[in-house]
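To start, the structure itself, in structure tokens.
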Amino acid sequence: MRFSFVAVLALGLSSLAGAQSTAHWSYEGKTGPLNWGKLDPAYKTCSEGREQSPIDIRGARLNKALQPIEFHYIAGGVNLENNGHTVVAEVNPGSYIVAGGVRYDLVQFHFHHPGEEAVKGKLSDMVVHLVHKSAEGKLAVVAVRLMEDQGSPNAVLAALWQHMPKTEGAREKVTEFVNPGGLLPADRGYWTFMGSLTTPPCTEGVRWFVFEQELSLSRDQLRYFAALFKMNTRPLQELHGRRIEADE
Ligand SMILES: [Zn+2]
């Protein structure tokens, strides 16, 4: 059991940040977010960092020099993993974005309920974090906020939820090709700022892009996820003078 737990962590965001971490953490109680920084020396950025995520987005400044993010997403195979904190969709190579002149390859995407990034204090019902990595190892996360709308199931979620691994450590292969572009809103206006991973080890230096437009999911889709992950959201973090910029 211990081996599989460590293996699961090694496959998660921790490996993207190059950190080796084994301390158990959770979203409530003694191992919850307020104590993450004390659970393991490798997690100290969670409490000492000055550019932590998620944040409340308000007071954004227009930066006309910001370019639209170029999305080059393709349909491909997806493996789902329940890592005990969320479900992670690991995608086959080939999908990437270009942002600020840098190419970042899509590595995985995953979900939080309720959403993590707030807009003027308001959280969405869920958020999908699309995690990208450049050749130099820089991380860029695209966040899409999802709101419940009974009439509008999301097609990508419909495909994924059919193959949901329900227990910690479980993995499932999605039998149909999935295009992560189905998780992007029509309007690509965004806010951008520097932040961190929102889970231990809370590594900083992550470029965040949060879409202004929300996407719909159905009540059933939301309930299905919430039944497995009741609350997997880190509380809002201090801005500490960071600038939030908007592209439009
Ligand atoms: Zn996340």
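Just a few scattered comments:
- Residue 224 meets each of the listed conditions (1) part of a strand (DSSP E or B); (2) of a type outside the set (A, V, I, L, M, F, W, C); (3) closer than 14 Å to residue 146 by Cβ apart from (1).
- Where strands (runs of 3 or more DSSP E) fall wholly inside the stretch 110-178, the ranges with 3 or more residues that are within 16 Å of the ligand (Cβ to nearest atom) and at negative phi are 126-134, 139-148.
- Filter result (open to solvent by 20 Å² or more (accessible area, probe 1.4 Å) and either touching a Ser or Thr at 6+ places or on another chain (Cβ under 6 Å) or over 15 Å from residue 239 (Cα atoms) (or both)) within the stretch 185-209: 186, 187, 188, 203, 204
- Tally of residues being among the hydroxyl-bearing types (Ser, Thr, Tyr), open to solvent by less than 20 Å² (accessible area, probe 1.4 Å) and over 16 Å from the mean Cα position of the chain (by Cα) across the stretch 210-246: 1
The values are calculated or read from the model by the stated rules, or taken from the named source; none is laboratory data. Note that this is a predicted model, so its numbers are computed, not measured. Every residue, glycine as well, gets a Cβ built from its backbone with ideal geometry; the counts of neighbours run over all protein chains shown. Side chains are part of the model used for accessible areas, which takes the heavy atoms of the whole protein and leaves out ligands, DNA and RNA. Shrake-Rupley method; radii C 1.70, N 1.55, O 1.52, S 1.80 Å.
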